[in-house]
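J.: First the structure, then my questions, so here it is.
We did not get these values from a lab; they are worked out from the coordinates using the rules stated. As the structure is a computational prediction, the values presented were derived from the model and not from experiment. Methodologically, a virtual Cβ is constructed for each residue, glycine included, from the backbone with ideal geometry; neighbour enumeration extends over all protein chains shown.
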Amino acid sequence: MDRELRSLAESARGFMPPEEGLALYEAALDALEAVPGAPVVEIGTYCGKSTVYLGAAAKDAGGVVVTIDHHRGSEENQAGWEHHDEDLVDTDLGVMETLGEYRRTIHAAGLEGVVNAVVGDSPTVAGWWSTPAAMVFIDGGHGEEPASTDYRCWAPVVAPGGVLAIHDVFPDPADGGRPPYERIYLPAVESGAFTEHRAVGSLRILRRL
Ligand code: SAH
Ligand code: MG
């Protein structure tokens with residue numbers, strides 16, 4: 001991966017360790033090669049940190065990324081929760097606002113021509129989405145309901161031969177919240193439609209048969 005983009009991604013705000021980001025980049029490259037011409041779809045943009053890894057792959061492979069977020073934060077990003085960042089509150093409205101920071105990240109990365117942001121609610125966007133994806137990366141809401149809904153809405157979008165990537169998968173409850181593991185990873189593997197290709201930290205890379 002381009003060294004400048006790598007250091008930019010590493011310094012961007014967000015929750016993606018460098019080795020998981022690199023694995024995400026590699027998975028996106030593989031997916032774009034396996035399913036040429038199809039987009040890479042990300043659920044959960046936040047400030048665009050993971051988006052830079054996906055965008056770098058799309059740039060190298062000549063593809064595009066669509067990244068979806070309402071930019072109001074997940075439950076765990078709200079004031080008083082573990083992953084709250086005070087700098088990302090719209091003080092006039094008193095709500096989380098990550099779209100501006102995302103725009104700055106993607107501009108600095110020179111990826112505005114490659115990455116397309118959809119500002120909206122994930123299941124609502126899924127309701128009108130009909131394009132098979134080379135890769136779907138699910139990193140949106142981590143509660144039981146949002147995780148189940150994202151699995152139900154987005155796993156079917158992955159094209160045969162494409163990739164389903166899931167973040168924050170913690171089989172051991174001592175390591176973190178369980179919904180991405182129980183509501184996305186397990187059902188995907190148990191469906192028989194996906195096989196595990198790689199695991200790096202809490203990132204799981206599955207391939208659609
Ligand atoms: N992928 C990012 C982190 C995403 S954090 C990174 O690695 O840098 C999770 C994001 O999911 C938050 O920005 C939150 O706003 C978004 N989100 C949660 N529920 C959502 C929903 N129903 N629709 C759209 N976005 C949602
Ligand atoms: Mg995450």
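J.: Hey, if you put +1 on the Cβ of every Lys and Arg and -1 on every Asp and Glu Cβ in the chain, which of GLY100, LEU22, VAL65 ends up farthest toward the positive end of that dipole?
T.: VAL65
J.: Nothing charged except the Cβ atoms of Lys and Arg (+1) and of Asp and Glu (-1): what's the magnitude of the dipole of the chain about its Cα centre? Round to the nearest 20 debye.
T.: On the way: 15 positive and 33 negative charges, 156 e Å.
Its charge dipole is roughly 760 debye.
J.: Follow-up question, since we're still on this one. Take the chain, connect every pair of alpha-carbon atoms lying under 10 Å apart with a spring to form a Gaussian network, then pick out the residue of ALA58, ALA134, ALA108 with the largest mean-square fluctuation.
T.: ALA108
J.: Rg and Dmax of region 1-92, using alpha carbons, in Å: what are they?
T.: When restricted to the Cα atoms of region 1-92, Rg and Dmax are 14.4, 46 Å.
J.: List the residues whose amide H sits under 5 Å from the amide H of MET96, counting only those 5 or more places along or on another chain, with H placed 1.01 Å from N in the peptide plane.
T.: ASP90
J.: Evaluate the Debye formula for region 46-143 with equal point scatterers sitting on the alpha carbons, no solvent, and hand back log10 of I(q)/I(0) at q = 0.12, 0.14, 0.22 Å⁻¹, in q order, two decimals.
T.: The Cα Debye sum returns log10 ratios of -0.42, -0.56, -1.22.
J.: Dipole magnitude of region 75-115 about its Cα centre, charges +1 at Lys/Arg Cβ and -1 at Asp/Glu Cβ only, in debye to the nearest 20?
T.: 300
J.: Mean-square fluctuation check for the chain, GNM, Cα pairs under 10 Å: which of LEU93, LEU164, LEU111 is largest?
T.: Result for the chain, Cα springs under 10 Å: LEU93 fluctuates most.
J.: Sorted from largest to smallest, which semi-axis lengths in Å does the alpha carbon gyration tensor of the chain give for its equivalent ellipsoid, taking the root of 5 times each eigenvalue?
T.: Rounded to whole Å, the semi-axes are 23, 21, 16.
J.: Same structure again: Among VAL115, VAL125, VAL35, which one moves the most in a GNM of the chain with springs linking Cα atoms closer than 10 Å?
T.: With Cα springs under 10 Å in the chain, the top fluctuation among VAL115, VAL125, VAL35 is at VAL125.
J.: Rank the residues ARG207, ARG198 as a footprinting-exposure proxy: fewest other Cβ atoms within 10 Å of their Cβ go first.
T.: By the 10 Å Cβ count, ascending: ARG198, ARG207.
J.: Taking all pairs of distinct Cα atoms, average 1/r, flip it, and tell me the Kirkwood hydrodynamic radius of region 1-44 in Å to one decimal place.
T.: The Cα-based Kirkwood calculation yields 11.6 Å.
J.: When the Cα centres of region 1-61 and region 164-209 are compared, how far apart do they sit, in Å?
T.: 18
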